[in-house]
Amino acid sequence: MSKRIAIVGAGPAGLMAAEVLSQFDYELHVYEQKPSAARKFLMAGKTGLNISHAEPVEQFVQRYDQAEWLSPWVKKWDAVWIQNWMKQLGIEPYIGSSGRVFPTEMKAAPLLRAWLKRLASHGIQFHYRHKVSQLHQQHLEFYDLKTKEHRTEKFDAIILACGAVSWSELGSDGAWQAWLNPDEIEPFQASNAGVEYPWSAFMQPVFGQPLKRVAAWVEQGEKTIGDIVISHYGLESGLIYKQGRGLREQLKQGQKMQLSLDLFPDQSVEQLAKKLQPGKKQSLSNVWRKAGLEGAKAALVRELVAKSLWQDSAELARQIKNLTIPLTGFRPIEEAISCAGGVKREVLSEQLQLKSNPRVFLCGEMLDWDAPTGGYLLTACFATGRAAAEGVHQFLRAH
Ligand SMILES: Cc1cc2nc3c(=O)[nH]c(=O)nc-3n(C[C@H](O)[C@H](O)[C@H](O)COP(=O)(O)OP(=O)(O)OC[C@H]3O[C@@H](n4cnc5c(N)ncnc54)[C@H](O)[C@@H]3O)c2cc1C
């Protein structure tokens, strides 16, 4: 008789695990509490599904906070592998000028449709509206949201691919945390999320406007260059997400979150100071405008730099190239694109098997790794999904 495997969660990690195991003679069940699969994956496709990144793999793996842990899997199932996999599903990949990999059509839906069709043809049984409510050794308790019935089933192996805790209306509600020992989980924190600062009313006219080409860094950390959007709650953009790890580290150390900005990274202090020198007949705002200090950048300087320094071009230039913003926190985790934290590396084997319950394997965003946006999140979800499935296969061959 075929061994029975349950995969909890039909997101990218769970589906990838199902794909690997469907090559073998297992009775394979995927349980998903939502009425359809991969809702977060579809949401990710709304603004262009950035599925991976074409930079050299050694550089690629360094984007993860747990580079050494993820490296073997991400190298094995890298951006090239993902592009070939997409082609097999009839989806042409496209590499943008920044190296980001997308489906040519940008959307996730055609890829997901083709993928689910192929998985169903491999005999995988999908059970939608099935909420797993408890895990006991090799048993899962279900609540069938359609029939309102509870039942318990036994499996030879179980893969948990339940996601983290952001955007819970898409399914990743984090209820699974109650099935594990609290010591096994690093508390979740918002990642790839905006940051908050209580602007004065003077900033309102620039809400929604970008700070174009600025450098950002946290303490002695790496400087990254890009755009930042001023929002009513603080700051938002991919550049802010890149600095998220450093900002979380400050919180962890019990410090206040502080982000440093250089509003003119292509000019030296001296060059900028020269341009900012007050003219005899020119108004200050005219001098600033000619120096490129206008719009959102000028508003930010007026907000953060003491008025007494505005006429002191040398000091003003120094401040503009090293503007420190004392942030009050991240946006709520519910709004975050991803989450830092999750099931700890040390409670898992090299096969992503839970040491406290060897019939259980885990993958995807529920694990304690994190990366900025840029295709790194989905790549690691796919790779850990495949790794957990290979772990299950090895385990079941031996038992
Ligand atoms: C707005 C947005 C944009 C994004 N854009 C990108 C991008 O461009 N590139 C990128 O790399 N990443 C992106 N991401 C992140 C990416 O979508 C996630 O990292 C990825 O979906 C996580 O995959 P997962 O399979 O681990 O979990 P999820 O996709 O969250 O799937 C988990 C599944 O498990 C189900 N589940 C949970 N608990 C239970 C239970 N008890 N019983 C039954 N089912 C359960 C959930 O319903 C869900 O379907 C984006 C995320 C968001 C929110």
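The values are calculated or read from the model by the stated rules, or taken from the named source; none is laboratory data. From a predicted model like this one, the values you see are computed outputs, not experimental measurements. For neighbour counting, all protein chains shown are included, and Cβ atoms are generated from backbone atoms with ideal geometry for every residue, glycine included. Just the protein is used for accessible areas: all its heavy atoms, side chains included, with ligands, DNA and RNA removed. Shrake-Rupley method; radii C 1.70, N 1.55, O 1.52, S 1.80 Å.
What to note about this one:
- The requirement of being closer than 27 Å to L28 by Cα and surrounded by fewer than 13 Cβ atoms within 10 Å (Cβ to Cβ) is fulfilled somewhere in region 171-190, by at least one residue.
- Listed by position, the strands (runs of 3 or more DSSP E) inside region 135-188 whose residues that are on the phi < 0 side of the Ramachandran plot, more than 8 Å from the ligand (Cβ to nearest atom) and free of Cβ contacts under 8 Å to residues at least 24 places away in the same chain number at least 3 are 139-144, 149-154.
- Residues of region 47-70 satisfying the condition of being in contact (Cβ under 8 Å) with a residue 24 or more places away in the chain and either more than 14 Å from the chain's Cα centre (by Cα) or more than 7 Å from the ligand (Cβ to nearest atom) (or both): G48, S52, H53, A54, E55, F60, R63, Y64, D65, Q66, W69, L70
- Restricting region 238-284 to residues that are more than 19 Å from V301 (Cβ to Cβ) and polar (S, T, N, Q) leaves a set whose member that is most open to solvent (accessible area, probe 1.4 Å) is Q253.
- Restricting attention to region 364-381, the residues being more than 9 Å from the ligand (Cβ to nearest atom) and either in contact with an Asp or Glu (Cβ under 6 Å, 6 or more places away or on another chain) or modelled with pLDDT of 95 or more (or both) number 3.
- Some residue of region 63-75 being of a type in the set (D, E) and open to solvent by 80 Å² or more (accessible area, probe 1.4 Å): yes
- Any hit, region 214-237, residues being open to solvent by less than 30 Å² (accessible area, probe 1.4 Å), farther than 23 Å from S166 by Cα, touching a residue at least 24 places away in the same chain (Cβ under 8 Å) and assigned to a loop (DSSP other than H, G, I, E, B): yes
- Residue match in region 317-335 (condition: at positive phi, surrounded by 15 or more Cβ atoms within 10 Å (Cβ to Cβ) and not in a loop (DSSP other than H, G, I, E, B)): yes
- For region 313-349, a residue qualifies if it is acidic (D, E) and touching a residue at least 40 places away in the same chain (Cβ under 8 Å), and the qualifying residues are E334, E335.
Listed here are the residues, each with its yes/no results for (1) more than 8 Å from the ligand (Cβ to nearest atom); (2) touching a residue at least 24 places away in the same chain (Cβ under 8 Å).
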{"position": "A10", "(1), (2)": "no, yes"}
{"position": "F41", "(1), (2)": "no, yes"}
{"position": "W73", "(1), (2)": "yes, yes"}
{"position": "I91", "(1), (2)": "yes, no"}
{"position": "V101", "(1), (2)": "yes, yes"}
{"position": "A108", "(1), (2)": "yes, yes"}
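- Among the candidates K274, K280, the residue that is on the phi < 0 side of the Ramachandran plot and in a loop (DSSP other than H, G, I, E, B) is uniquely K280.
- Qualifying residue in region 310-329 (condition: small (G, A, S) and in contact with a strand residue (DSSP E or B) (Cβ under 8 Å, 6 or more places away or on another chain)): yes
- Within region 136-170, considering residues that are surrounded by 20 or more Cβ atoms within 10 Å (Cβ to Cβ) and under 19 Å from the mean Cα position of the chain (by Cα), the one nearest to F330 (Cα to Cα): S166
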